[in-house]
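Scroll down for the structure; my scribbles are underneath it.
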Amino acid sequence: MYRFILACYGVPKSSGAEAAIDITTEFVEHHPWHSNVTCTWDGERLILQADNDFDSDGLALIDEFSDSISAYIAELFDGDIKIESITNVPTEA
């Protein structure tokens with residue numbers, strides 16, 4: 001199992017808090033292949049944490065995070081998504 005922390009930089013401050021709630025809901029309700037998903041706003045960036053067992057490099061999660069950001073932030077902005085960390089998490093037997 002992999003645990004990812006992604007961050008999107010450049011998000012408009014007026015949209016961040018609401019987008020974090022919407023993105024968390026989107027992943028929980030429509031992306032069941034990811035678990036333990038949370039998206040938070042720290043005042044500067046959106047931070048997505050999620051676990052999955054198939055995306056060792058995080059590229060699929062980045063793509064889905066990007067799609068969600070586009071869906072929930074109407075204001076155009078030049079953002080950048082970065083992988084903050086990928087951790088191999090042991091699964092319970």
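Read-outs throughout are calculated quantities, based only on the coordinates presented, and are distinct from any laboratory measurement. Computed from a predicted structure; not experimentally measured. Virtual Cβ from ideal backbone geometry, glycine too; neighbours counted across all protein chains shown.
Observations on the model:
A quick yes/no check of all residues on (1) on the phi < 0 side of the Ramachandran plot; (2) in contact with a Gly (Cβ under 6 Å, 6 or more places away or on another chain); (3) surrounded by 11 or more Cβ atoms within 10 Å (Cβ to Cβ):
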| position | (1), (2), (3) |
| --- | --- |
| R3 | yes, no, yes |
| K13 | yes, no, no |
| N36 | no, no, yes |
| G58 | no, no, yes |
| L61 | yes, no, yes |
| I81 | yes, no, yes |
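- So F65, is it touching a strand residue (DSSP E or B) at 6+ places or on another chain (Cβ under 6 Å) and either exposed (fewer than 15 other Cβ atoms within 10 Å of the Cβ) or not in a strand (DSSP E or B) (or both): yes
- Some residue of the range 25-41 being over 11 Å from the mean Cα position of the chain (by Cα), closer than 18 Å to F77 by Cβ and outside any strand (DSSP E or B): no
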